[in-house]
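Q: Here you go, one structure.
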Amino acid sequence: FVDKIEAQAKQQGILQGVYVISLQPIHHFQQEKDLLSQHLLQYIRETRSVDKSPSQAVFQQGHARWVIRKIAGDSDNNYVGEIISFDGKGEGEAFQELCVLLQRALSAKATKLRRLTLPIILLLLDRYHYVDPPEWQTCAQRLFGCQQFHTVACVTEQGTKILCSIEHQWVFSG
């Protein structure tokens, strides 16, 4: 994506200097990329004649934030680079944090849905990119809240993973 921004800026004749984009993963990136492109190219256009420019946030969604900054105005080096970052988590810390977040979500949903008598299948959107689906499953199976639902599943960009279910074969069939 950043390479395309650089190519577009060169094609438009607005890339004069070195730019750095600090970015974090975005959910629904495909839906946001056109707007991101517009904001990034606008910043490059507005700062092409200065040597350096302060950082500017071009996107903020939850903890995900994109910031662009012009760090040099040397026209011999016209370049757009990227820094991809995640907040750091220690070994085991991400798993423990996931279990706390999952317990809160299960408790909140159970409270909101307590008057329903139908079998409830709960879908949870994975916005916690520090652990993989098998760890979600391990955590969910340790928590009390799962028994209050017919099935609990985690929805990721790669697909859906059953975390726990009354239908035990569903959990192990993927």
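Q: For a quick check: sort THR117, THR47, THR151 by the number of other beta carbons within 10 angstrom, fewest at the front.
A: Ascending Cβ contact count within 10 Å gives the list THR117, THR151, THR47.
Q: If you don't mind, another one. Of the GluC sites (Glu not before Pro) in the stretch 1-105, which ones lie in a loop per DSSP and count no more than 11 other C-beta atoms within 10 Å?
A: GLU91
Q: Moving on to the next point. Mind listing the long-range amide H neighbours of ARG65? Cut-off is under 5 Å, sequence gap 5 or more, other chains count too, H placed in the peptide plane at 1.01 Å from N.
A: GLN24
Q: How big is the dipole moment of the chain about its Cα centre under a simple scheme where the beta carbon of each Lys and Arg is +1, that of each Asp and Glu is -1, and everything else is neutral? Debye, nearest 20, please.
A: The calculated dipole for the chain is roughly 720 debye.
Q: How would you rank TRP170, TRP136, going from fewest to most other Cβ atoms within 10 Å of each one's own Cβ?
A: Fewest-to-most ranking of TRP170, TRP136: TRP170, TRP136.
Q: Percent of Cα-Cα pairs more than 17 Å apart in the stretch 2-84, please.
A: 40 percent
Q: Moving on to the next point. Just to be sure I understand: of the beta bridges DSSP finds with both ends in the stretch 93-172, what percent are antiparallel, rounded to 5?
A: Here the share of antiparallel DSSP bridges comes out near 55 percent.
Q: On to the next question. Are there trypsin sites (Lys or Arg not before Pro) in the stretch 106-143 that DSSP puts in a loop and that have at most 14 other Cβ atoms within 10 Å, and which ones?
A: Those that pass, being in a loop and sparsely packed, are ARG114, ARG115, ARG127.
Q: Still on this model: Could you list VAL58, VAL80, VAL152, VAL50 in order of exposure, starting from the residue whose Cβ has the fewest other Cβ atoms within 10 Å?
A: VAL50, VAL58, VAL80, VAL152
Q: Further question: List the GluC sites (Glu not before Pro) within the stretch 134-168 that fall in a DSSP loop (any state other than H, G, I, E or B) and whose Cβ has at most 14 other Cβ atoms within 10 Å.
A: GLU157, GLU167
Q: Go ahead and run the numbers for FRET between VAL155 and ASP76, Cβ-Cβ distance against an R0 of 45 Å, rounding to 0.05.
A: So, using R0 = 45 Å, E works out to roughly 0.40.
Q: Could you tell me the largest-minus-smallest coordinate of the C-alpha atoms of the chain on each of the three principal axes, in descending order and whole angstroms?
A: So the three principal-axis extents are 65, 32, 29 Å.
Q: Using alpha carbons only, how many degrees (0 to 90, rounded to 10) separate the axis of helix 29-47 from the longest principal axis of the chain?
A: The two axes meet at around 20 degrees.
Q: Note down the nm distance, to one decimal, between modelled labels 7 Å out along Cα→Cβ at LYS33 and at THR117.
A: Inter-label distance under the simple model: 4.9 nm.
Q: Would you kindly derive the ³J(HN,Hα) couplings of the stretch 92-97 from the backbone phi angles with the Karplus curve 6.51 cos²θ - 1.76 cosθ + 1.60 (θ = phi - 60°), listing them in order in whole Hz, with x for Gly and Pro?
A: Coupling constants for the stretch 92-97: x, 5, 5, 5, 4, 5 Hz.
Q: Something else now. On each of the three principal axes of the Cα atoms of the stretch 93-172, give max minus min coordinate, whole Å, ordered largest first.
A: That works out to 35, 25, 22 Å along the principal axes.
Q: Once amide H atoms are built 1.01 Å from N in the peptide plane, which residues 5 or more positions from TYR19, or in another chain, come under 5 Å H to H?
A: ILE71, TYR79, VAL80, GLY81
Q: Helix 2-11 versus the longest principal axis of the chain: what angle, 0 to 90°, nearest 10, using Cα atoms?
A: Approximately 30 degrees, to the nearest 10.
Q: If the only charges are +1 at each Lys and Arg Cβ and -1 at each Asp and Glu Cβ, what is the size of the charge dipole of the stretch 2-84 around the Cα centre, to the nearest 20 debye?
A: Charge dipole of the stretch 2-84: 140 debye, to the nearest 20.
Q: Which of GLN16, ALA57, LEU35 sits farthest toward the positive end of the charge dipole of the stretch 1-63, with +1 on the Cβ of Lys and Arg and -1 on the Cβ of Asp and Glu?
A: GLN16
Q: Follow-up. How much net charge surrounds ILE26 when only other residues with a Cβ under 10 Å from its Cβ are counted (Lys, Arg +1; Asp, Glu -1)?
A: +1
FYI, it's all coordinate maths here, none of it is from the lab. Since the model is a prediction, treat every value here as computed from it, not as a measurement. Please note: Cβ atoms are built from the backbone with ideal geometry, for glycine as well, and neighbour counts cover all protein chains shown.
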